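Beneath this line is the structure, given in structure tokens, with notes to follow.
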Amino acid sequence: MSFKSKKLIIFVIFFLIFLFPSFSQADEYGEKRIFNVDQNYDALGRERIFAILVKVSQNAYFYIDEDYWGRLSSLKKEEVANYLRNLAQEFDTKIYPTLTFYFGSEPKPGIDKDERITVLIHPIISDGGGYFNSGDVYSRFQNPKSNEREMVYLNSQYIDKPKVKSFLAHEFMHLITVNQKDLLRKVTEEIWLNEARAEYAPTLLGYDDIYKGSNLETRVKDFLEDPTVSLTEWLDKKEDYGAVNLFIQYLVDHYGKKILVDSLQSSKTGIESLNYALEKNGFAKNFSQIFADWLITLLVNDCKVGERYCYLNKNLKDLRIVPTFYYLPRTETILSTYHLTPPWNLNWQRFIGGGSEVSLKFDGADSVEFEVPYLLCDFQNVCSVGFLVLDAEQKGELLLSQFNVKYSSLTTLPFIKSKICGFNGKEDSFSFSWKVTVEEKTQTELKNQLLARIAELQAEVDQLQAQLAALLAKRSQQGATPCRFENNLYYGIMNNSEVRCLQEFLKTQGIDIYPEGLVTGNFLSLTKLAVIRFQEKYTSEILVPLGLKRGTGYVGERTRAKIKQLINF
């Protein structure tokens with residue numbers, strides 16, 4: 001054999017070994033390996049770390065950062081090892097079989113020709129539970145920083161926390177997605193929908209059933225801090241995760257898990273994949289219509305407004321956003337507002353006050369297509385949904401006669417619906433504006449309207465008082481404990497029957513006193529504000545004798561006396 005032939009054979013053997021790491025044996029407990037990590041996530045900004053294999057389960061290798069592991073005491077190592085044993089068992093018996101049953105397999109055996117995935121645990125920046133790098137499923141020829149493994153990364157600081165199961169499920173869902181989309185169908189899922197499916201994984205597995213301390217509770221809090229975000233624009237902020245989580249919760253509530261599965265197991269991505277799955281499963285609605293329903297749900301979350309305008313998940317039954325308020329003077333005036341918004345952004349503008357005639361003119365950028373749902377509510381908080389008719393220039397007008405007599409508020413929810421693909425980061429924003437004109441009728445007309453309205457309100461007061469008396473009589477007949485209001489009530493009291501009685505009473509006082517009307521037994525900010533309004537309504541009887549000019553929200557002797565007087569009226 002010639003020297004050149006020997007060199008060629010050696011090169012081929014070396015090439016094959018390098019290209020196909022499957023020739024190496026399976027990982028063994030206690031062995032140490034070098035891993036590439038994302039320095040943007042690593043708490044110390046490292047690019048490479050040594051890690052030790054501390055647990056081998058049926059479906060996964062669990063490696064832990066050597067530096068982190070070395071700093072632990074012997075006792076702490078035992079504790080961490082025990083947590084990992086439990087996590088490994090949870091992965092083998094619940095996370096892995098459930099997610100692969102619904103959504104399909106991860107790359108298996110994948111680039112490393114190993115049936116197990118790798119879970120690498122290392123210190124990650126504080127607000128990150130874990131992360132996933134799709135580049136790991138490719139060879140180093142395609143991605144020089146690839147670990148050439150099917151793997152996910154978890155934050156070491158959550159190893160002893162219940163939410164670590166949710167984080168592992170989330171990241172493993174990304175691993176399934178890269179197989180179902182990138183490897184099998186040669187397409188890449190849009191980030192927002194990729195994250196949405198991963199966010200739903202803990203709910204599917206039952207980890208969000210206990211709401212307190214769950215991933216779902218965290219996402220709700222994140223979302224409510226800044227709900228005016230785009231569903232499809234991905235800036236990797238916590239509000240983004242909150243938005244996609246709450247959208248996917250609504251979607252599955254009303255259309256089922258099969259929408260997620262079929263949209264994943266298709267060659268389409270993003271909105272187009274959801275529209276495909278909706279049609280495949282026999283639903284007439286498309287993504288745009290569902291998005292509009294979801295916007296209204298976030299505002300009212302009330303099945304009485306419409307069966308599609310509420311969450312069915314019991315943990316989300318009290319979720320509601322607070323819209324941006326605009327007060328319209330009762331005198332003749334013109335109010336203009338200007339906004340910039342990316343596609344599929346969440347916008348709520350509520351108009352209250354106003355004169356007898358109100359005109360709202362909408363004008364959106366004509367380079368895109370808008371949809372403008374609106375919610376019109378009367379003084380009994382009975383609401384109806386409508387859609388503004390727009391012309392080709394994205395202009396439309398809504399005329400409301402006797403606005404300040406018939407309606408308590410008008411809420412608009414405009415969004416851009418024309419872009420349906422190519423969402424993978426920052427999006428361009430487009431303008432829209434409102435021009436609100438308030439006109440007033442003559443004094444005679446206004447006087448007649450007000451007198452008529454006063455008569456209506458008096459009739460409603462009489463009816464409410466009769467209902468309250470009937471309710472109290474019924475409770476007495478049924479042996480229920482009557483509301484006596486013998487104790488002082490104040491902010492912070494939780495799960496209290498007298499607070500529940502107080503809220504029932506405040507609810508009967510109308511939306512001017514207690515617009516939310518929540519009866520929870522918890523004395524929090526909304527109840528305190530309602531008490532303040534009630535105290536200031538009866539200033540001369542409650543506040544003046546105490547030398548006060550403003551309500552306090554503290555239900556003391558004089559406030560309780562007035563409540564009892566009204567109940568016995």
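The values are calculated or read from the model by the stated rules, or taken from the named source; none is laboratory data. As the structure is a prediction and not an experimental result, all values here were calculated from the model. Positions of Cβ are generated from backbone atoms using ideal geometry, with glycine treated the same way; all protein chains shown enter the neighbour counts.
The table that follows gives values for the structure above.
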quantity	calculated
Neighbours by Cβ (under 9 Å, 6+ apart or cross-chain): first from region 40-58, at pLDDT below 95 and buried (at least 20 other Cβ atoms within 10 Å of the Cβ); second among the hydroxyl-bearing types (Ser, Thr, Tyr) and assigned to a loop (DSSP other than H, G, I, E, B)	none
Checklist (1) assigned to a helix (DSSP H, G or I); (2) over 16 Å from Gly553 (Cα atoms) applied to Lys507, failing item	(2)
Selection from region 95-130 of residues that are outside any loop (DSSP other than H, G, I, E, B) and more than 25 Å from Ser266 (Cα to Cα)	Thr118, Val119, Leu120, Ile121, His122, Ile124, Gly130
Residue check, Ile290 closer than 25 Å to Asn404 by Cα and outside the structural domain of Pro515 (by TED's automatic domain parsing)	no
Restricting region 227-251 to residues that are of a type in the set (A, V, I, L, M, F, W, C) and more than 13 Å from the chain's Cα centre (by Cα), the residue that is farthest from Phe283 (Cα to Cα)	Leu235
Qualifying strands (runs of 3 or more DSSP E) (wholly inside region 321-435; at least 2 residues being among the hydroxyl-bearing types (Ser, Thr, Tyr) and either touching a strand residue (DSSP E or B) at 6+ places or on another chain (Cβ under 8 Å) or under 22 Å from Ala292 (Cα atoms) (or both))	324-328, 333-341, 407-412
Within region 380-421, considering residues that are surrounded by fewer than 18 Cβ atoms within 10 Å (Cβ to Cβ) and hydroxyl-bearing (Ser, Thr, Tyr), the one nearest to Thr341 (Cα to Cα)	Ser418
Whichever residue in region 518-569 is surrounded by 14 or more Cβ atoms within 10 Å (Cβ to Cβ) and of a type in the set (Asp, Glu) and, among such residues, is farthest from Lys507 (Cα to Cα)	Glu541
Members of region 150-189 that are among the acidic types (Asp, Glu) and under 21 Å from Asp65 (Cα atoms)	Glu150, Asp160, Glu171
Residue selected from region 539-569 under the condition of a type in the set (D, E, K, R) and in a loop (DSSP other than H, G, I, E, B), by the criterion nearest to Ser525 (Cα to Cα)	Arg550
Only listed residue being in a loop (DSSP other than H, G, I, E, B), at positive phi and either touching a helix residue (DSSP H, G or I) at 6+ places or on another chain (Cβ under 8 Å) or without any contact (Cβ under 8 Å) to a residue 24 or more places away in the chain (or both), chosen from Glu148, Glu189	Glu148
Asn147 within 23 Å of Arg71 (Cα to Cα) and either under 24 Å from the mean Cα position of the chain (by Cα) or surrounded by 20 or more Cβ atoms within 10 Å (Cβ to Cβ) (or both)	no
Single match in Lys163, Lys257 (criterion: out of contact with any Leu (no Cβ under 6 Å at 6 or more places or on another chain) and either over 22 Å from Ile95 (Cα atoms) or assigned by TED's automatic domain parsing to the domain that holds Cys310 (or both))	Lys257
Scan of region 351-375 for residues that are buried (at least 19 other Cβ atoms within 10 Å of the Cβ) and either at pLDDT below 95 or closer than 14 Å to Leu299 by Cα (or both), ordered by number	Phe351, Gly354, Gly355, Ser356, Val358, Leu360, Pro373, Tyr374, Leu375
Sole residue being within 26 Å of Gly206 (Cα to Cα), over 27 Å from the mean Cα position of the chain (by Cα) and either modelled with pLDDT of 95 or more or not acidic (Asp, Glu) (or both), chosen from Ile64, Ile117	Ile117
Flag for Lys426 being over 23 Å from Val305 (Cβ atoms) and loosely packed, with under 15 Cβ neighbours inside 10 Å	yes
Test: Val544 is out of contact with any helix residue (DSSP H, G or I) (no Cβ under 6 Å at 6 or more places or on another chain) and farther than 16 Å from Ile513 by Cβ	yes
Residue within region 161-172 that is assigned to a loop (DSSP other than H, G, I, E, B), touching a residue at least 60 places away in the same chain (Cβ under 8 Å), surrounded by fewer than 20 Cβ atoms within 10 Å (Cβ to Cβ) and of a type outside the set (Lys, Arg) present	no
Failed condition for Val382, given (1) touching a residue at least 24 places away in the same chain (Cβ under 8 Å); (2) over 30 Å from Gly270 (Cα atoms)	(1)
Test: residue in region 275-294 that is among the polar types (S, T, N, Q), within 13 Å of the chain's Cα centre (by Cα) and surrounded by 18 or more Cβ atoms within 10 Å (Cβ to Cβ)	no
Test: residue in region 305-315 that is of a type outside the set (S, T, N, Q), surrounded by 15 or more Cβ atoms within 10 Å (Cβ to Cβ) and part of a helix (DSSP H, G or I)	no
In region 488-503, the residues that are over 17 Å from Leu566 (Cβ atoms) and either among the small types (Gly, Ala, Ser) or out of contact with any helix residue (DSSP H, G or I) (no Cβ under 6 Å at 6 or more places or on another chain) (or both)	Asn488, Tyr490, Gly492, Met494, Asn495, Asn496, Ser497, Val499, Arg500
